[in-house]
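What follows is calculated from the coordinates using simple rules that are stated; it is not laboratory data. The structure displayed is predicted, hence computed values, not measured ones. Don't worry about glycine lacking a Cβ; one is built from the backbone with ideal geometry, like all the others, and counts go over all protein chains shown.
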Amino acid sequence: MERTRALCIFPTLLGGKTATATIIKALNRVRDLEATYVLVDTEDYQRLPAPWWTPPTNFGRVRYMARKKASKLLGQKFDLLFVRTWELVVAFSDIAKCVPAAALFDATPATLEAEFRNRPFKIWQRALAYSVYHRAFAKAARQFDFFLPKGSDCADSLEYDYKIPRERCFLTLAPQSIDSWTPTARTYTSPARLLFVANNFALKGGDFLLRLYGNHLANKCTLTIASNDPAVAARFLPPGVTWLRGKSREQLLEIYRQSDLFVFPTQQDFVPEAVAEALATGLPCLVNDLRGIRDLVKDGETGFVFPRNSPVEAWADRIQRLIADHGELARMSASARAFAAEMLNQDRFDNLIAHVVDRLRSDVAKQAARGRVVA
């Protein structure tokens, strides 16, 4: 079989590094696929500063950087196109018009706008995000053949906000290397060990967590905060709180294994990698009720889901009752691992990527006579 050439343009910004690595691993396992990767990283903000006429938004900068980094490849012949994030759907819709294309992402402009309603953004900022980005994405998405949304909230948005047929969407969740991300035998002792992992401390609920711990849990638990966010240094960390910085993913695995509960009162998220990692290592998760998180945490089974505006007292009561019941902790730990093994398995994701590539290849065959190439 003749090898299929794919142009793959992925960001590694913020929390995207892990997701991009997972996608690359899956694509590299597809038979007879020759993938060329363009990765947009944090350093590109300095290396490729956007010109003055670029819209002064992160969307405008990312779009400019990605086009700039891919510019030398756009005159070459490729059979397929893969992009990750809705911004790159807009940035490369002209290429998707020429070759079969698929896009992976965890949010659309419409789901972002829904999240903005729950954050202190001004009305004009929400209106700008929805009216400009929503229309740009709606137009660009028409050029793509398949979509791999991370969560069901994103899949629903594609169907209802952007009229993408459900049969062209394939849910990915947050795949993990289940064979290596395994739990160890836990012995529950006092004090219980709580874990929080996030690089955007404030957005992921870090300040709420410190109030929760300092006012209600300090004498009953320890709390480990794994975060590279320098803003943590400005916070008062009560006795019993450990702040870990600069840890590799392999080092984080051991930290997950040494913990009893994952506490994640995030204020904005979709299908967070940190929660998937916790589930893979058998950690019950306590989370806010955000739409994408519902795909991961099953209330009362793999953790507990709190109404978004629940007070710290509600969290404290639930945590204190849970850490006092070692049998319930063990049951939830087993359920968390079982869910991850079934639904977050890397092999499941690899098979899904291979299926989408095969579907796109069938389109290549149909379009060969039309001479559609990246140019």
>> List the residues, sorted by chain then number, that are 5 or more residues from ASN288 or on another chain and whose placed amide H is less than 5 Å from its amide H.
In response: THR266, PHE306
> Taking other Cβ within 10 Å of each residue's Cβ, how do SER362, SER190, SER152 sort, fewest first?
Replying inline: SER190, SER362, SER152
>> Under the √(5λ) rule applied to the eigenvalues of the Cα gyration tensor, what semi-axes describe the equivalent ellipsoid of segment 205-252? Give them in Å, descending.
In response: 20, 13, 8
> When the convex hull of the Cα atoms of the chain is projected onto a plane and the area is averaged over all directions, what value comes out in nm²?
Replying inline: 19.1 nm²
>> Distance cut-off 21 Å, Cα to Cα: go down the list LYS17/LYS72; LYS204/LYS247; LYS17/LYS69; LYS150/LYS298 and report the pairs above it.
In response: LYS17/LYS72
> Over its Cα atoms, what ratio of radius of gyration to 2.2 N^0.38 Å does segment 178-343 give?
Replying inline: 0.93
> Can you list, largest first and rounded to whole Å, the semi-axes you get for segment 95-249 by taking the square root of 5 times each eigenvalue of its Cα gyration tensor?
Replying inline: 39, 22, 13
>> Please compute the contact order of the chain in relative form: average sequence separation of alpha-carbon pairs under 8 Å and at least six residues apart, divided by the residue count, as a percent.
In response: 18 percent
>> Only counting other Cβ atoms within 10 Å, I'd like GLU87, GLU254, GLU273 sorted with the fewest neighbours first.
In response: GLU254, GLU273, GLU87
>> Apply the a/c threshold of 1.5 to the C-alpha gyration tensor of segment 172-275 and tell me whether it is rounded, prolate or oblate.
In response: oblate
> When a footprinting reagent is the concern and you count Cβ atoms within 10 Å, what order do LEU194, LEU252, LEU73 take, fewest first?
Replying inline: LEU73, LEU252, LEU194
